[in-house]
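The values are calculated or read from the model by the stated rules, or taken from the named source; none is laboratory data. Everything quoted here is computed from the prediction, not taken from an experiment. Virtual Cβ from ideal backbone geometry, glycine too; neighbours counted across all protein chains shown.
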């Protein structure tokens, strides 16, 4: 089963930092996560059927913008990481 490593700022979305999800694609994985743990992570990552501009998503260390975005295929042992943008002055 693919796993999502949840950013610390969103750990309240279900407790554990790494959470198992179902899905053949990245989009499916975020929907599975929303069904199990609530929509907080999905809504922080996806807007208008695309990954938000200031969020980076990786599958096994490779940024999905260099793959197929939300259509990226997943295997059972894949690790998805979400890195929200940090801002400051």
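Data table
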read-out: In the range 66-80, the residues that are within 13 Å of residue 21 (Cβ to Cβ) and either out of contact with any strand residue (DSSP E or B) (no Cβ under 7 Å at 6 or more places or on another chain) or in a loop (DSSP other than H, G, I, E, B) (or both); value: 74, 75, 76, 77, 78
read-out: Residue that is nearest to residue 79 (Cα to Cα) [pool: residues in the range 34-65 that are in contact with a strand residue (DSSP E or B) (Cβ under 6 Å, 6 or more places away or on another chain) and in a helix (DSSP H, G or I)]; value: 64
read-out: When residues of the range 52-62 are limited to those that are at pLDDT 95 or above and surrounded by 15 or more Cβ atoms within 10 Å (Cβ to Cβ), the one nearest to the chain's Cα centre (by Cα); value: 57
